[in-house]
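Single-structure report; data block below.
All of the numbers you see were taken from the coordinates with simple rules; none came from a lab. Source: prediction; values computed, not measured. So basically every Cβ, Gly included, is an ideal-geometry build from the backbone, and we count neighbours across all protein chains shown.
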Amino acid sequence: MTHIPGIVITGASGRMGQMLIKTVTDSDQARLVGVVERQGHDWIGQDVGEAMGGPALGVLITDDPLEAFAQAQAVIDFTAPEATLEFAALAAQARCVHVIGTTGMSDEQIVALEPASRHAVIVRAGNMSLGVNLLVQLTKKVAAALDEDFDIEVIEGHHHHKVDAPSGTALMLGEAAAEGRGVKLADVSDRGRDGITGARKRGDIGFHAIRGGDIVGEHDVLFAAPGERIVLRHLATDRAIFARGALKAALWGQGKAPGQYDMVDVLGL
Ligand code: NAD
């Protein structure tokens, strides 16, 4: 009989947490063994039952991450940067694969994941969907094929609850465009909360963020030159695409050597 990995989901009451609970519960390749929420979160039991479509039997519901991680082979984590850093150390201690969907991590926070990745597998991606990871590859190719007559602008839209801007996906696309063009992406941290470009040097990549309503996630990469434009676009209409990608990463990571990986590794792109 093949071993079915046990999964813990952190941030269980969140938008992605709820979708992940449903996705793992519905899968016959994984078992949901536990969920973690912040201390003092009143609704977690009810939220978990609702997402599972019935009573949360056999699922540990806790605010103690290590207690849950000790029973699992993988942790799927879509929470917040500080929480993700804490979970990385604890997941490594429990030798769990840590799938990180959390965005908005600073460069320092990303570097701080390094010690954990010496003991356990970390798969981190600003976007876990197959479509966006393909778009990243296409962006790199198109940027490499075009000369500097083409301005490159990344335009993204999300729901109004989203805290970070530009989105993690927009940054992935911007980095891919910069790599394709053979330049270094200029620091975007001083572009402001809305990710608005402002004045920028020729050849630099621009970012624009729209926040409104219940937009799940929309990304355009615009290549604009005098006389012609190319637009590469991904529209997410259902969070299930991120949850399915995260589960795929959790399964893929089983038995892999400790280290840091991304969805390009998982999807073999
Ligand atoms: P959300 O605010 O709805 O949910 C976050 C949840 O995490 C909340 O329930 C919160 O209580 C919980 N949380 C925060 N700190 C915690 C802690 N210390 N311990 C336990 N739980 C804690 O947000 P969301 O829309 O679900 O998004 C979560 C993250 O995932 C964001 O960073 C978002 O940008 C990212 N995201 C990534 C992808 C991807 O494909 N990589 C897709 C969608 C969202």
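Once the Cα gyration tensor of the stretch 24-174 is found, what semi-axes does its equivalent ellipsoid get, as square roots of 5 times the eigenvalues, in whole Å, sorted largest first?
33, 18, 15
Please report the net charge: other residues with Cβ closer than 10 Å to the Cβ of A225, K and R +1, D and E -1.
With Lys, Arg at +1 and Asp, Glu at -1, the neighbours total -4.
If you take every residue apart from A145 with its C-beta less than 14 Å away from the C-beta of A145, what net charge results, scoring Lys and Arg +1 and Asp and Glu -1?
So the surrounding residues net to -2.
How charged is the neighbourhood of G259? Take every other residue with its Cβ under 15 Å from the Cβ of G259, and add Lys/Arg as +1 and Asp/Glu as -1.
So the surrounding residues net to +1.
Could you state the number of Å between the C-alpha centres of the stretch 51-126 and the stretch 1-44?
The distance from the Cα centre of the stretch 1-44 to that of the stretch 51-126 comes to 11 Å.
Obtain the nm distance between the two label points defined at R31 and L235 by a simple spin-label model: each point lies 7 Å from its Cα along the Cα-to-C-beta direction.
Calculated label separation equals 4.1 nm.
Counting alpha carbon pairs within less than 8 Å and at least 6 residues apart, what relative contact order, in whole percent, applies to the stretch 1-149?
Averaging sequence separation for qualifying contacts and normalising by length gives 20 percent for the stretch 1-149.
Report, largest value first, the span of the C-alpha coordinates of the chain along each principal axis, in whole Å.
For the chain, the Cα spread along each principal axis is 61, 39, 33 Å.
Once you sort the root eigenvalues of the Cα gyration tensor of the stretch 1-90 as a ≥ b ≥ c, which label holds: rounded (a/c under 1.5), prolate (a/b larger than b/c) or oblate (the other case)?
Judged from the Cα gyration tensor, the stretch 1-90 comes out oblate (a/c at least 1.5, b/c at or above a/b).
Determine, for S129, S117, S13, the number of other Cβ atoms within 10 Å of each Cβ, and report the residues in order from fewest to most.
Lowest to highest Cβ neighbour count: S117, S13, S129.
Taking 0.36 nm per intervening residue step and subtracting the Cα-Cα distance, what contour gain separates K141 from V216 on full extension?
Result: 24.4 nm gained on full extension.
Could you check the simple spin-label distance between V264 and A225, using points 7 Å along Cα→Cβ, in nm with one decimal?
Calculated label separation equals 2.4 nm.
Given 0.36 nm per residue, what is the gain on full extension from W43 to V111 after removing their alpha carbon distance, in nm?
Fully extending the segment from W43 to V111 adds 21.1 nm.
If I stretch the segment between E148 and V163 completely, what's the gain in nm (0.36 nm per residue apart, minus their alpha carbon distance), one decimal?
2.1 nm
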